[in-house]
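Scroll down for the structure; my scribbles are underneath it.
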Amino acid sequence: MYSGPAAAAGPPRRDFISVALGPEEAVGVGGYNNSKAWRRRSCWRKWKQLSRLQRSVILFLFAFLAVCGVISYTSVGEAWKSITNKSLDNQRTQEEIPGLKLANPAVLPAPQKADASRGDYPELSPQKPPKLPHVRRGPSNLQIKAPRRDMRLKTLHDTVKAVEELVEADKAEKTEKSIISWRGAVIEPDQNTEPPSTKIKESEKPSSVQAEDQKEPVPINERQLAVIEAFRHAWKGYKDFAWGHDELKPLSKSYSEWFGLGLTLIDALDTMWILGLKEEFEEARKWVANDLVFDKNVDVNLFESTIRILGGLLSTYHLSRDSLFLEKAKDIGNRLMPAFKTPSKIPYSDVNIGRGTAHPPRWTSDSTVAEVTSIQLEFRELSRLTGDEKFQKAVDEVMKHVHTLSGKNDGLVPMFINTNSGQFTHLGVYTLGARADSYYEYLLKQWIQGGKKENELLEDYMKAIEGVKKHLLQRSEPKKLTFVGELAHGHFSAKMDHLVCFLPGTLALGAHNGLAADHMKLAETLIETCYQMYVQTETGLSPEIVHFNLRAQKGHKDVEIKPADRHNLLRPETVESLFYMYRFTGDKKYQDWGWEILQNFNRYTRVPTGGYTSINNVQNPRNPEPRDKMESFFLGETLKYMFLLFSDDIDLINLDKYVFNTEAHPLPIWVPA
């Protein structure tokens, strides 16, 4: 401590400097010898002579430089790693595809009419890369993993874009608005029953749904963008004029109610998820969370509320993993259970979800066969998720009962069943159209859902298809189109509902799962017929019902349409089957047919202020007589199947992992734990 002048009176301070002039002068001298020990003592003395503030500043500078060095090393290392990986991937890609040159992404052109010969299916051969921007599928907050090395090269364009995406993803997100599509859960198929060509070589996973790993990004193509635009236009009308109500009336800019449960919104939830419409989905989710209430005094149809509401909520839960939708599914599922309190266990058609009571229609004690046998996928899945067996037990009893009933005709069932006696009624009338159609569909799909173990379901399905071949198949004139008619008390009718066009897709699904190969051949002939139901009308849109000519007549087409049957309700069945046919065959014509149908929907049913409308007359292109109603299934089914039809990504709702309910809501296929 400084003490003033007295301190200066002490002995003078001496400083020492050590100088080494040469090796010989230092010999035998205890002074500086340039050794490490001497240097350490000298440095330490200098360090101790510094003030505490000086030492703190030096230490802080060293620490700061060290932190900066670590950060710089990380940034440079990651950049170098990305450049190295890109170079290696480019080299591997060029080795796999000789002559391939990586190019920058092209600018997306405006949607235009597609060429009928747009490349080949990616499973058969690579196609020329379309001029489309790369869009990453998957939520923006998830890390996109590098493509699996053993994954099949889907398209040449996908390979190019997948390499560039890893380096330029962040930059691209800042310069263009991404179209995001999300994936759902991975449910592996039964390895013992899957045909070898479609086995997925991964370890068997438990039946509980797990989040799917992100795979190789697949671009949204031009036709899919057109579907997204159509959906947004329809959604705009619903949001502006019918928000929270069941169905939009686009011409009068109002709405109609059936159950008062927001049918269109719930039906469209998983469609928005699959199309990647994140903003619209989040807005709809808020409505479900805050405004969807099932505790109300209203009668609902058991079948329609199961396939649209319960099915839609379960599907959205699996895709999003959001427990809100599962809780809502449990609520509506429990409220529908009173329908099964009948003497025969065949459920009533109507349930009051507020009072907990159920009853048949006012005019009869019958239920339709399709309605009581097309709720099984949904209730079975609800039991699996909740652990409550009552849901599956109720619907399984229905199927077991129908399996044992008499009154079938080579596997074909009548249209009605009595809830008191449990017996078929109105015997002798057999159709694959209204009131019976989805019975046949759910026989196959329950068998697939349950891991292909329930042999009674498969047995009934196979018998029914043989019954169709034996009793209901005929060929028209002049083009000899194979169609499915109806049988009434031994008399054949050449009448075919548009609803029957679900059958080609179902047959193809069965063939894909190892059933008879001739099912696929029949599917190919029937989908041609369903397409002709569109082509042979003036608007290019199918009527609700057609009659086929069995005898050639000059000036007559294969298809005849009665005035009462010429309406179009924006139905999905043909597009649904086109999706299955393209997914399983890779034949581009099915995509082209679907594209024609979408264009005709836009031409004759689109309402400028938002929404699409059913029409009364498919034979009058000048005035198709709009009906002022957009069915909920247009968003829930038709546009969803359109989007999937135009996709070359087999993992976008993989049909070895999911099975669609009859309202196009994908539910997972079960696998052993």
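The values are calculated or read from the model by the stated rules, or taken from the named source; none is laboratory data. What you see is a predicted model, and the numbers here were worked out from it, not measured in a lab. All Cβ positions, glycine included, derive from the backbone under ideal geometry; neighbour counts span all protein chains shown. Only protein heavy atoms, including side chains, enter the accessible area calculation; ligands, DNA and RNA are left aside. Shrake-Rupley method; radii C 1.70, N 1.55, O 1.52, S 1.80 Å.
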Equivalent ellipsoid semi-axes - Cα gyration tensor, region 343-495, angstrom: 29, 20, 13
Note down the net charge around N420, summing +1 for each Lys or Arg and -1 for each Asp or Glu among other residues with Cβ under 15 Å from its Cβ. +1
Sorting C501, C68 on solvent-accessible surface, 1.4 Å probe, most exposed first, gives C68, C501
So who's got an amide H within less than 5 Å of the one on G262, skipping anything under 5 residues away but keeping other chains? H placed 1.01 Å off N, in plane. D246
State the extension gain, in nm to one decimal, for the chain segment bounded by E560 and E282, taking 0.36 nm per residue of separation less the distance between their alpha-carbons. 95.5 nm
At 7 Å along Cα-to-Cβ for each site, give me the label-to-label distance between S252 and R603 in nm. 3.0 nm
Spin-label pair V293/L473, simplified geometry with 7 Å Cα→Cβ offset, distance in nm: 5.5 nm
Relative contact order for region 605-673, counting Cα pairs under 8 Å that sit 6 or more residues apart, in percent: 19 percent
Please list, short to long, the whole-number percent of alpha-carbon pairs of region 460-550 in consecutive 5 angstrom bins beginning at zero. 3, 13, 24, 26, 18, 11, 5, 1
Neighbourhood net charge (14 Å Cβ-Cβ; Lys/Arg +1, Asp/Glu -1) for R551: +2
Among trypsin sites (Lys or Arg not before Pro) in region 602-673, those in a DSSP loop whose Cβ has at most 13 other Cβ atoms within 10 Å are R622
Ranked from highest to lowest mean number of other Cβ atoms within 10 Å per residue, what is the order of the peptides 547-557, 240-250? 240-250, 547-557
What does the charge count near E397 come to, summing +1 for each Lys or Arg and -1 for each Asp or Glu among other residues with Cβ under 15 Å from its Cβ? +2
For the pair S56 and W363, what calculated FRET efficiency results from E = 1/(1 + (r/R0)^6), where r is the Cβ-Cβ distance and R0 = 60 Å, to the nearest 0.05? 0.05
Just list whichever of K236/K330; K341/K393; K253/K629; K408/K463 have alpha carbons separated by over 19 Å in the model shown. K236/K330
